[in-house]
1. Report, in listed order, any pair from LYS62/LYS139; LYS69/LYS139; LYS67/LYS139; LYS167/LYS208; LYS50/LYS108 with a Cα-Cα distance greater than 27 Å.
2. Might you work out the accessible area of LYS167 for me, using a 1.4 Å probe with all protein chains in place, and round it to the nearest 10 Å²?
3. Do me a favour and compute the ellipsoid semi-axes for region 145-197 from its Cα gyration tensor, root of five times each eigenvalue, largest one first, whole Å.
4. Could you order TYR73, TYR154 so the one with the most accessible surface comes first? Probe is 1.4 Å.
5. Using a simple spin-label model with points 7 Å from Cα along the Cα→Cβ vector, what separation in nm is obtained for GLN98 and ALA119?
6. How far apart, in nm, are the 7 Å Cα→Cβ label points at ASN87 and LEU66?
7. Can you work out the Karplus-derived ³J(HN,Hα) for every residue in region 144-158? Use 6.51 cos²θ - 1.76 cosθ + 1.60 with θ = phi - 60°, whole Hz, and x for glycine or proline.
8. When the chain is fully extended, how far beyond the present Cα-Cα distance does SER186 get from GLN142, taking 0.36 nm per residue of separation?
Amino acid sequence: MKYLITAFLFTGVLISCNSSDKTKTTIEESETKSTLNDSNKQLQNIDSDKALIATALLAAPKESRLKCKVIGYNVAGEFVTLREGDNQFIVLADNPNQDGFSAACYHKDLEPFMARGRALRTEGKTEQEVFAIREAEMKTGQLKITPGLTLHIYYGAKTVYDPETSKVEDAQLRYVVYMPWATSESTGLPTVPMASNHPWIMNPGTHKAHIMISPLPEYKE
């Protein structure tokens, strides 16, 4: 009889433990799902001019974002000044009518060069034609790029962002330092990257020669 009572008590303890473990597992799974759902709820589509401005500004240095001028296509498809600014940077917002995300920030002295490219593309010129025309105009002095002027690009394949931080999901930065007519020999830089985050020179010997710097994205570090 004593053994029978002990057996009943032992079985009761096992059932209680199993029930407790199941309850704990259910609670943990529920909390995990809740956290994931909350994270997903934070992300929104970039579908307003306000969102275009906020996400584009991440291409600019943090300390300069407050006074950057922001230009680009609005959600209505018009190329406009989205926000006025008065410092040395111009920010080009993502084009909402193109796949993926790409915003850029560049020194205001690059605007004539950038604007010329936009005008030629609007005329229907191909990228090869744009390159050739601007190269000819650089050689005659119609266009000018001061060596060392920079372009910052914030880009990624996704078009959703966190409205609290303005960060675009999985987007990363890339930097361009313009060095017209520079070559591998004149800079000591390779013409292909030695590693994914090493600088190299692109379009060497041309008006559009530039140093490329592509830091590793934060989510891969």
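1. Exceeds cut-off: LYS62/LYS139; LYS69/LYS139; LYS67/LYS139; LYS167/LYS208.
2. 100
3. Semi-axes from the Cα gyration tensor: 31, 14, 7 Å.
4. Descending order: TYR73, TYR154.
5. 2.0
6. 0.9
7. The phi angles translate into 8, 10, 6, x, x, 5, 10, 10, 10, 10, 10, 8, x, 7, 9 Hz.
8. Separation in residues times 0.36 nm, less the Cα-Cα distance, equals 13.4 nm.
The values are calculated or read from the model by the stated rules, or taken from the named source; none is laboratory data. Keep in mind the model is a prediction, meaning the values are calculated, not measured. All Cβ positions, even for glycine, are placed from backbone atoms using ideal geometry, and neighbour counts span all protein chains on display. Ligands, DNA and RNA are excluded from the accessible area calculation, which covers all protein heavy atoms including side chains. Shrake-Rupley method; radii C 1.70, N 1.55, O 1.52, S 1.80 Å.
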